[in-house]
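Scroll down for the structure; my scribbles are underneath it.
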2 protein chains.
Amino acid sequence: MTFPVVGMVGGGQLARMTHEAGIPLGIRFKLLSDTPQDSAAQVVGDVVVGDYRDLETLRAFARGCDVITFDHEHVPTEHLRALEADGIPVRPGPDALVHAQDKGVMRAKLDAIGVPCPRHRIVADPQDVAAFAAEGEGFPVVLKTVRGGYDGKGVWVVDSAEEAAEPFRAGVPVLAEEKVDFVRELAANVVRSPHGQAVAYPVVESRQVNGVCDTVIAPAPGLDETLALRAEEMALNIAKELGVVGHLAVELFQTRDGRVLVNELAMRPHNSGHWSQDGAITSQFANHVRAVLDLPLGDPRPRAPWTVMVNVLGGDYPDMYSAYLHCMARDPQLKIHMYGKDVKPGRKVGHVNTYGDDLDDVLERARHAAGYLRGTITE
Amino acid sequence: MTFPVVGMVGGGQLARMTHEAGIPLGIRFKLLSDTPQDSAAQVVGDVVVGDYRDLETLRAFARGCDVITFDHEHVPTEHLRALEADGIPVRPGPDALVHAQDKGVMRAKLDAIGVPCPRHRIVADPQDVAAFAAEGEGFPVVLKTVRGGYDGKGVWVVDSAEEAAEPFRAGVPVLAEEKVDFVRELAANVVRSPHGQAVAYPVVESRQVNGVCDTVIAPAPGLDETLALRAEEMALNIAKELGVVGHLAVELFQTRDGRVLVNELAMRPHNSGHWSQDGAITSQFANHVRAVLDLPLGDPRPRAPWTVMVNVLGGDYPDMYSAYLHCMARDPQLKIHMYGKDVKPGRKVGHVNTYGDDLDDVLERARHAAGYLRGTITE
């Protein structure tokens, strides 16, 4: 057969779940993983252990792959250009991916194409942060290193110039943003293929705890249809203008005055799309695979009125497997997704999905299961 | 973490799809495969290449597995007993599995527990076949070698004693059965766990072409509720009486006079249950994994009014991947499941699932996709 080989750089849970979604399509999956114990490396047949920051490692890995895609956004842009120059399709390509790697580049581009963002500019030092605050509503101000942050890391909320010293210590450019007075956070997930086909998943509500995604509700409850449509169109437009190939997650603030502002972009399957594994006709992982192979995309519509995803974070005791007995017996419809990762407190080690007609019931079931797996609920 | 290792003997598509279903549960999957190119060996990380007919190979494979299960029924019964004596849980165990390995043992047991079967007995030679015919409605008579047959192989339909020579040539006992005057074939799929929990999938209609499963419709259209319930209860009763652990497929004849008779048993995920991957809340593969690990079973109920599975057989040209473009663009809801096998004419190389509210539409979509992939439909 002439089935293609998809090369996945990065061995985390996104790679693991993309492999799972690729199996039914009969595609070959090749993994570049930091260690043989990484989440995806445990379940993939063709694994290369190596450092994605090393160009020759990447080049050797890419030989025999029909396309390269990613579990994370940390591959140096110049390495991606080198692979493209070697003739390997890189999806998303470096010209798109840089917008998910560098928040400064992202903000400049979104401004240029007229996408609403929080007020922002690059700041030089703590005095400049005070000046930025004075230009708007004052403190608090959000500071972000333009590269390297995720899940609340690389992000500070400061109330004065005195508190603003730390972000500058790394020597990386720092972006200042207004602290948006938001009602809630939303996410608009879209998938785009090289030939320009795109699909939009329903806009979801994303609830964070301590800067980490905790709960996703699909679709976002009570969201005004016009606002939902505006958010979907915005995400499709960003995907097109930035030349994204594959999955794009657009994290949004819904403001008190009825606007949506872009918070972050991710160009890969995203935590806010995990609900789609059990809640949509085609999952974000299946559509990401189809997009990077330039295959026609699958239907992104929901299969149930409500789907809820709750992350399972590492708790105080390491044995999550024994909790299966209670969780599965209590809820025969529960969908557990574990990543094969060692439990460390606060680390994302899995998630659960529930779906059904009654949102309160669906929420309760997901929260109970995630809490029981973590050990914060014991009955 | 203390997640268990499931050892799967056999590298076919059933092992491949069981691995896929086990990934979200975070269980470790270890495969004993005939070759590194086998369907499952392509997508599993931990693969041992070896011969399942060799006891020492099995023993070495079983070390480090928490439980052993199977992709096929061909492991010698005495080897399974040896593994059990070594302290390895074998699920289903040899006392159950022998009923799926030996059609003579199966018929004797079903008679003993009062399950309706076609009229049958072991026959000694062609003259004895003629005697068997004379004891009932005469020829035609169905002859089966008691071991080693599948997909129509090892089965003969004969019209006279003269035609009955071949089945006896292998030197294996031969079972004679009346040729049942059936309206259609059904299958009752159930899953049972070691602690005795069991779930029943809706009874499906299974349509064969040249002795090979072609189409499965879930649930069986127009099936009388009483008859459906009787078939489910019969399958649950067989699972209990035979001590089955894991998935049990009971293939049935629906007779013209309104009875159901058992045709065959399979103790593993089965072609008649593939629809459940996209059509049921919990797939047969996920429930098989849960059963062999003695975890509570998942909900087997359908997610859509109708789900149709059509097998993709190898056709005349080897490139099925290029057919994806047409199939996926035509039907964004289509679910393709390919096995990574080389195309040989008539060989099962994949299947498609479709689901929806309108059976005619669901059937048409599945048939079109399977036909297009095979190459018998070109528009």
Practice task
Tell me, yes or no, whether the stretch B:314-321 has at least one residue that is over 23 Å from the mean Cα position of the chain (by Cα) and either at positive phi or of a type in the set (K, R) (or both).
Solution key: no
Practice task
Within the stretch B:367-376, identify whether any single residue is part of a loop (DSSP other than H, G, I, E, B), farther than 22 Å from B:E205 by Cβ and either without any contact (Cβ under 8 Å) to a residue 24 or more places away in the chain or in contact with a strand residue (DSSP E or B) (Cβ under 6 Å, 6 or more places away or on another chain) (or both), and answer yes or no.
Solution key: no
Exercise for the section: For the stretch A:51-74, state whether one or more residues are of a type in the set (V, I, T) and in contact with a Phe, Trp or Tyr (Cβ under 6 Å, 6 or more places away or on another chain). Expected result: no
Problem - Hits in the stretch A:322-334 - residues which are at pLDDT 95 or above and part of a loop (DSSP other than H, G, I, E, B) - result: A:D331, A:P332, A:Q333, A:L334
Fill in the blank from the handout: A:R301: passes all of (1) closer than 28 Å to A:F70 by Cα; (2) in contact with a helix residue (DSSP H, G or I) (Cβ under 6 Å, 6 or more places away or on another chain); (3) surrounded by fewer than 18 Cβ atoms within 10 Å (Cβ to Cβ) but (2)
Handout entry: Residue that is surrounded by the most Cβ atoms within 10 Å (Cβ to Cβ) [pool: residues in the stretch B:72-101 that are under 20 Å from B:A249 (Cβ atoms) and acidic (D, E)]
Key = B:E73
Completion exercise
Just one listed residue, out of B:T69, B:T57, B:T18, is closer than 27 Å to B:R347 by Cβ, surrounded by 24 or more Cβ atoms within 10 Å (Cβ to Cβ), more than 14 Å from every other protein chain (Cβ to nearest Cβ) and of a type in the set (V, I, T), and it is B:T69
Problem - Among (1) in contact with an Asp or Glu (Cβ under 9 Å, 6 or more places away or on another chain); (2) surrounded by 14 or more Cβ atoms within 10 Å (Cβ to Cβ), the one test that B:Y339 misses - result: (1)
Practice task
Please find, among A:F168, A:F132, the residue that is outside any loop (DSSP other than H, G, I, E, B), in contact with a strand residue (DSSP E or B) (Cβ under 8 Å, 6 or more places away or on another chain) and either modelled with pLDDT under 95 or on the phi > 0 side of the Ramachandran plot (or both).
Solution key: A:F168
Handout entry: Search result, residues across the stretch A:21-54 that are touching a residue at least 40 places away in the same chain (Cβ under 8 Å) and more than 11 Å from chain B (Cβ to nearest Cβ)
Key = A:Y52
Exercise for the section: Mind listing whichever residues of the stretch A:239-291 are within 14 Å of another protein chain (Cβ to nearest Cβ), of a type in the set (S, T, Y) and part of a helix (DSSP H, G or I)? Expected result: A:S276
Completion exercise
Checking B:V183, B:V190 in turn, the sole residue that is outside any loop (DSSP other than H, G, I, E, B) and in contact with a Leu (Cβ under 6 Å, 6 or more places away or on another chain) turns out to be B:V190
Exercise for the section: Quick one: A:Y324 ticks every box in (1) more than 23 Å from A:L186 (Cα to Cα); (2) buried (at least 22 other Cβ atoms within 10 Å of the Cβ); (3) more than 9 Å from chain B (Cβ to nearest Cβ) except a single one, so which number is it? Expected result: (3)
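Out of A:V199, A:V190, A:V203, A:V172, report the one residue that is more than 27 Å from B:A329 (Cβ to Cβ) and touching a residue at least 24 places away in the same chain (Cβ under 8 Å).
Just one listed residue meets the conditions, A:V172.
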Handout entry: Residue among A:R268, A:R330, A:R259 that is buried (at least 24 other Cβ atoms within 10 Å of the Cβ) and either acidic (D, E) or in contact with a helix residue (DSSP H, G or I) (Cβ under 9 Å, 6 or more places away or on another chain) (or both)
Key = A:R268
Problem - Failed item, numbered, when B:L227 is tested on (1) assigned to a strand (DSSP E or B); (2) out of contact with any Pro (no Cβ under 9 Å at 6 or more places or on another chain); (3) aliphatic (A, V, I, L, M) - result: (1)
Handout entry: From B:A218, B:A239, B:A170, residue being within 20 Å of B:A100 (Cα to Cα), more than 15 Å from the chain's Cα centre (by Cα) and not acidic (D, E)
Key = B:A170
Exercise for the section: Filter the stretch B:335-358 for residues that are more than 8 Å from chain A (Cβ to nearest Cβ), under 23 Å from the mean Cα position of the chain (by Cα) and either at pLDDT 95 or above or not in a loop (DSSP other than H, G, I, E, B) (or both) and give the result. Expected result: B:K348, B:V349, B:H351, B:V352, B:N353, B:T354, B:Y355
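Yes/no matrix, rows are residues, columns are (1) without any contact (Cβ under 8 Å) to a residue 40 or more places away in the chain; (2) touching a Pro at 6+ places or on another chain (Cβ under 6 Å):
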site	(1), (2)
B:L143	yes, yes
B:E162	yes, no
B:R207	yes, no
B:N210	no, no
B:G222	yes, no
Exercise for the section: Might you check whether a residue that is more than 22 Å from the chain's Cα centre (by Cα) and either assigned by TED's automatic domain parsing to the domain that holds A:V209 or not hydrophobic (A, V, I, L, M, F, W, C) (or both) occurs anywhere in the stretch A:138-148? Expected result: yes
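Every residue, every condition in (1) at pLDDT 95 or above; (2) at positive phi; (3) crowded, with 19+ Cβ neighbours inside 10 Å, yes or no:
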position	(1), (2), (3)
A:M106	yes, no, yes
A:K109	yes, no, no
A:P126	yes, no, yes
A:G152	no, yes, no
Exercise for the section: For the stretch B:292-313, enumerate the residues that are more than 10 Å from chain A (Cβ to nearest Cβ) and assigned to a loop (DSSP other than H, G, I, E, B). Expected result: B:P305
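The values are calculated or read from the model by the stated rules, or taken from the named source; none is laboratory data. Computed from a prediction, not measured in an experiment: that's the story for all the values here. Methodologically, a virtual Cβ is constructed for each residue, glycine included, from the backbone with ideal geometry; neighbour enumeration extends over all protein chains shown.
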